[in-house]
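The values are calculated or read from the model by the stated rules, or taken from the named source; none is laboratory data. Because the structure is predicted, anything quoted here is derived from the model rather than measured. We place every Cβ from the backbone using ideal geometry, glycine too, and count neighbours over all the protein chains shown. Areas reflect the complete protein model, heavy atoms only, side chains present, ligands, DNA and RNA absent. Shrake-Rupley method; radii C 1.70, N 1.55, O 1.52, S 1.80 Å.
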Amino acid sequence: MNDIIAEDVEEIIRCGNGLEQFRERTVLIAGANSFLMSYLVYALLVNNKKNNCRTKIVALCRNRARAQERFGEWQEEAGLHLLLQDVRDPVGYGGTVDYCIHAASPAGIRSRQEYPLDTFQANLQGCANLLDFCREKEIKKFMLLSSVDVYGRCGKEGRLKETDIGALDWNYKRNAYACGKRAAETLCTLYHAQYGLPCVIARPFQVYGPGMSLTDGRLHGDIIRQIREKNSILLKSSGTAVRSFMYLKDATLAMLQVLLRGESGGIYNICDEDGECSVYGLAQRYAEAAGKRAGIEFSYDKRDTPEVKEALPAVVGDAARLRALGWKSSTSLKEGICRTMRHYCGAKGEGNDL
């Protein structure tokens, strides 16, 4: 664990007073080796060492190599149990479980497009398997990691609230991810309504930080990869689209609040109004954090690609429900980008060479 991640994890432990609720409990995390779940797993493991919490983390992962890459240095820890299987299969764990998180899904732009059926099944069938497993185990709380993509095209201005519903073409294969997340949300709502299963739904907007892929086609990873390779950022669009961005440390603390304090049956945006920025503004911030200011160019020959033509002009969220749980942001967009750049490029912050 490098210094940036270690510092963030220490801050999660310091601020996440709810971690005490995991003392001598078992947490099963499907998709534990994903970027979004990495800090939570690290925090639980470090908390075990620092505070002798004796939390058991059952890390359900499909890919052994990726799991070893993410958790290699922790494999001998007594609190970590790797469960290697596909979430589309019935959960193969016989022990007790107190909390469960479903975060297993292909998330990269390319993987969603190349394997739309696998993407849909991982979200829906995987969720059904986990919910049945949780009924049997009589768990304290189940959390579905959904997505901002479920909003579709809302046709409204302003920040998206959890009650907003937009149009989504379920017969368009590029929507397999969004439709799978919507279907999984419906399952959680029905299991809560019919069986009283304590379910909560978290909808992350765009989360960035150490540990994200630089090759899966998503915005932050693309920008950092281009800076590392040629100290230049190539934008496919005009860069005017506005998005909500949140640093991984803050997102982890937000998801902890939803898991531990969220109302059963509730839905919560994981976003930060202070993290709103245009794509071009984001590129400028990364260019400044690169020290030797990176150039920003525009690629006009890619304006007709689906990811550019179908991009919404604004996808920003309302975090009122999340703040009502006691969460607040502690990392500005500028600071989060500088920390992310230090992780990937060794930069010391704005004005310093890589």
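Key figures
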quantity: Count - residues of segment 26-74 that are touching a strand residue (DSSP E or B) at 6+ places or on another chain (Cβ under 9 Å), among the hydrophobic types (A, V, I, L, M, F, W, C) and not in a strand (DSSP E or B); calculated: 11
quantity: Tabulated pairs, segment 228-248, first touching a residue at least 60 places away in the same chain (Cβ under 8 Å) and open to solvent by 10 Å² or more (accessible area, probe 1.4 Å), second part of a strand (DSSP E or B) and among the aliphatic types (A, V, I, L, M), C-beta under 6 angstrom, 6+ apart or interchain; calculated: Val242/Ala314; Arg243/Val315
quantity: Residue satisfying condition, being in contact with an Asp or Glu (Cβ under 8 Å, 6 or more places away or on another chain) and either on the phi < 0 side of the Ramachandran plot or aliphatic (A, V, I, L, M) (or both), within set Ala178, Ala167; calculated: Ala178
quantity: Selection count, segment 307-320, where residues are in a helix (DSSP H, G or I) and closer than 14 Å to Arg203 by Cα; calculated: 1
quantity: Segment 119-159 - residue that is of a type in the set (Asp, Glu) and modelled with pLDDT of 95 or more and, of those, surrounded by the most Cβ atoms within 10 Å (Cβ to Cβ); calculated: Asp149
quantity: Tally, over segment 158-216, of residues that are assigned to a strand (DSSP E or B) and either of a type outside the set (Gly, Ala, Ser) or within 22 Å of Ala254 (Cβ to Cβ) (or both); calculated: 10
quantity: Residue among Glu288, Glu297 that is open to solvent by 40 Å² or more (accessible area, probe 1.4 Å), out of contact with any helix residue (DSSP H, G or I) (no Cβ under 7 Å at 6 or more places or on another chain), in a helix (DSSP H, G or I) and at pLDDT below 95; calculated: Glu288
quantity: Close pairs from segment 40-53: first closer than 17 Å to Glu73 by Cα and free of Cβ contacts under 8 Å to residues at least 40 places away in the same chain, partner among the hydroxyl-bearing types (Ser, Thr, Tyr) and not in a helix (DSSP H, G or I), Cβ under 8 Å, at least 6 apart; calculated: Leu44/Thr55; Asn47/Thr55; Asn48/Thr55
quantity: Close pairs from segment 1-26: first loosely packed, with under 14 Cβ neighbours inside 10 Å, partner of a type in the set (D, E, K, R), Cβ under 8 Å, at least 6 apart; calculated: Arg23/Arg54; Glu24/Arg54
quantity: Index of the failed condition, Tyr268 passing every other in (1) among the hydroxyl-bearing types (Ser, Thr, Tyr); (2) in a strand (DSSP E or B); (3) modelled with pLDDT under 95; calculated: (3)
quantity: Among (1) modelled with pLDDT of 85 or more; (2) assigned to a loop (DSSP other than H, G, I, E, B), the one test that Lys334 misses; calculated: (2)
quantity: Condition check for Arg323: in a helix (DSSP H, G or I), more than 27 Å from Lys173 (Cβ to Cβ), in contact (Cβ under 8 Å) with a residue 24 or more places away in the chain and open to solvent by 10 Å² or more (accessible area, probe 1.4 Å); calculated: no
quantity: Residue in segment 1-24 that is within 15 Å of Cys100 (Cα to Cα) and small (Gly, Ala, Ser) present; calculated: no
quantity: Hits in segment 60-97 (condition: closer than 16 Å to Leu40 by Cβ and either among the small types (Gly, Ala, Ser) or in contact with an Asp or Glu (Cβ under 6 Å, 6 or more places away or on another chain) (or both)); calculated: Ala67, Gly79
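One line per residue, one yes/no per condition, for (1) assigned to a loop (DSSP other than H, G, I, E, B); (2) of a type in the set (S, T, N, Q); (3) under 24 Å from Ser330 (Cα atoms):
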site: Glu229; (1), (2), (3): no, no, no
site: Ser237; (1), (2), (3): yes, yes, no
site: Asp250; (1), (2), (3): no, no, yes
site: Ala254; (1), (2), (3): no, no, yes
